[in-house]
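The values are calculated or read from the model by the stated rules, or taken from the named source; none is laboratory data. Everything numeric in this text was worked out from a predicted model, so none of it was measured. Here the Cβ positions follow ideal geometry from the backbone for every residue, glycine too, while neighbour counts run over all protein chains shown. Heavy atoms of the whole protein, side chains included, go into the accessibility calculation; ligands, DNA and RNA do not. Shrake-Rupley method; radii C 1.70, N 1.55, O 1.52, S 1.80 Å.
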Amino acid sequence: MNIVIAPDSFKGSLSAMDICEMIESEIKLDHPQVNCIKLPLADGGDGTLDVLLHSTKGRKLTCSVSDPLGRTIEASYGEIDEQSVFIEMAQASGLPLLEVHERNPLQASTRGTGEMIVHAMESGYRNIYVGLGGSATNDGGVGMLEALGIYLRSEQGERLPALVTSLQQAATIDDSKRHPLLDETTFFMVSDVDHILCGPQGASYIFGPQKGADTAMVEQLDRWLQSFGKLLTSKYRYEQLAQQAGTGAAGGLGATMLAVLKAQRKKGIEFVLEALQADNAFRDADLIITGEGKLDQQTLGGKVIAGVSERAQKYNKPVIALCGSIQLTMEELKQLGLLSAFSIVRQPCTLEDAVNHSEELLRWQIQQIIRTFMHSNAMKG
């Protein structure tokens, strides 16, 4: 019997690899003959780099870049093949790099992400995949552009600081000194986020508060991104740019990648499943066990569980999901194509308690699932 273990991490609690190891050990306790295929997953955001490097045995490269507040840090990205790399923008411009009191989208910049891109291009890579998740920024990607030799200028021709606060004054985008290797490089933006650039479902309103923005700041950020969207549309002749799905990813970085870098968009989980050649494992599976922290409306939009379930349906394979919490109706679970879904939480408790006891809770629940599944298969036999 082949059981594929293909979860995302439980954010703030267990890594995807930790979960794989725990599930395998519980299965092997009573069923040592079962062949477990461990396939830790991510959706294109933070954690994707480690998943790719672990599963593909890829090479990690390191460079010195600016963090969201301009401090020099060491950041890593991964080689996929001789021509291709994956850059996790959170490595340079991510929220985890800041203390809670440091979160301020008026000051946070994506410059470090641009510096990683420059390092990759100058190291000879010509296919660059950028994972847009976990950002601390809301600058529309102007920090990244500055690192690539592309600047904002005022009506008077003055070069403006590469911060979101400059978007209200920006009259032109000067790309006359853009890095020459940009024209030789193909870019891909990897994201599970469908949010548009502006408005109630845009970057500022949906993600601004977690980055330190209060209500007034959110409204201000949204107005500035609206102006920048119009500037991008005019300069690069990208009609309806601000309404394109994914332009709100990473604080508007998605819009800049589409317009300026002509990036191709890839759904995060689809990219990861393809890179890991997951179909080979799914094709021969008798059961697929997946999971993530929450099974909710965001899952339906293309998170790990949705991606795994969609791929599994191609081969008519049963999928069971393990989660910290389940916030979907029965109809929505059916829509996902899951055989069943289980919360690891057994009784009312605080989030802190659930996180602190996540390993114990996960092990207990997987024992119940495997006993039920094995018994069901024995009855069929």
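Here are the numbers for this structure:
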read-out: Anchor LYS294: lysines whose Cα lies under 21 Å away (excluding residues fewer than 8 positions away in-chain); value: LYS11, LYS38, LYS211, LYS267, LYS303, LYS334
read-out: Charge tally in the Cβ shell below 12 Å around LEU152, where Lys, Arg are +1 and Asp, Glu are -1, LEU152 excluded; value: -3
read-out: FRET efficiency, SER123 to VAL34 (Cβ-Cβ, R0 41 Å, nearest 0.05); value: 0.45
read-out: Percentage relative contact order, the stretch 45-112, counting C-alpha pairs under 8 Å, at least six apart; value: 33
read-out: Student exercise, the chain dipole from Lys, Arg, Asp, Glu Cβ charges, in Debye to nearest 20; value: 640
read-out: Per residue Cα convex hull volume in Å³ - calculated over the stretch 74-151; value: 84
read-out: Portion, in percent, of the accessible area of the chain that falls on carbon or sulfur, probe 1.4 Å; value: 47
read-out: Percent antiparallel among DSSP beta bridges (both partners in the chain, rounded to 5); value: 35
read-out: Charge dipole magnitude, Cβ of K and R +1, D and E -1 - the stretch 1-122, Cα centre, debye nearest 20; value: 80
read-out: Simple spin-label estimate for GLU82 and THR233 in nanometres, 7 Å along Cα-Cβ; value: 4.4
read-out: Kirkwood hydrodynamic radius of the stretch 112-196, Cα pairs, Å; value: 14.0
read-out: Per residue accessible area of the stretch 227-285, 1.4 Å probe, in Å²; value: 41
read-out: Stretch gain in nm, segment PHE342-ALA171, where the contour uses 0.36 nm per residue and the Cα spacing is subtracted; value: 56.3 nm
read-out: Among SER343, SER109, SER191: highest mean-square fluctuation, GNM of the chain, C-alpha pairs under 10 Å; value: SER343
read-out: Cα-derived Rg to Rh of the stretch 11-164, Kirkwood definition; value: 1.10
read-out: Crossing angle, helix 304-313 versus the chain [Cα axis fit, 0-90 degrees, rounded to tens]; value: 60
read-out: Quotient of Cα Rg and 2.2 N^0.38 Å for the stretch 37-77, N being how many residues it contains; value: 1.41
read-out: Distance between modelled label sites at ARG223 and GLN210, nm, 7 Å Cα→Cβ extension; value: 2.7
read-out: 10 Å beta-carbon shell around SER64, net charge (K/R +1, D/E -1); value: -2
read-out: Calculated FRET value between ARG153 and LEU181, using beta carbons and R₀ = 22 Å, to 0.05; value: 0.45
read-out: Cβ-defined net charge surrounding ARG111, 14 Å radius [Lys, Arg +1; Asp, Glu -1]; value: -3
read-out: Stokes-Einstein D in µm²/s, Kirkwood radius over Cα pairs - the stretch 300-341 at 25 °C with 0.890 mPa s viscosity; value: 236
read-out: Lys/Arg +1, Asp/Glu -1 at C-beta; the chain dipole; positive extreme among ILE305, PRO318, LEU14; value: PRO318
read-out: Among TYR77, LEU98, LEU182 - extreme Cα towards positive end, dipole of the chain, charges at beta-carbon; value: LEU182
read-out: Accessible area in square angstrom per residue, the stretch 1-145, 1.4 angstrom probe; value: 36
read-out: Quarter of the Cα convex hull surface for the stretch 1-102, i.e. its orientation-mean projected area (nm²); value: 8.0
read-out: Helix-only [θ]222 nm of the chain, DSSP H runs n ≥ 4, -39500 (n - 2.57) each, per residue, nearest 500; value: -11500 deg cm²/dmol
read-out: Percent of C-alpha pairs per 10 Å bin, the stretch 6-56, short to long; value: 27, 48, 21, 4
read-out: Among THR299, THR137, THR215: highest mean-square fluctuation, GNM of the chain, C-alpha pairs under 10 Å; value: THR215
read-out: GluC sites (Glu not before Pro) lying in DSSP loop within the stretch 62-101, provided at most 12 other Cβ fall within 10 Å; value: GLU82, GLU99
read-out: P(r) histogram, all alpha-carbon pairs of the chain included - 20 Å bins from 0, percent; value: 29, 53, 17, 1
read-out: For the chain, built as a Gaussian network whose Cα springs stay under 10 Å, the top-fluctuating residue of VAL218, VAL193, VAL304; value: VAL218
read-out: Cα-based helix-to-principal-axis angle, 358-380 vs the chain, degrees rounded to 10; value: 50
read-out: Cα-only radius of gyration and Dmax that characterise the stretch 221-340, units Å; value: 18.1, 53
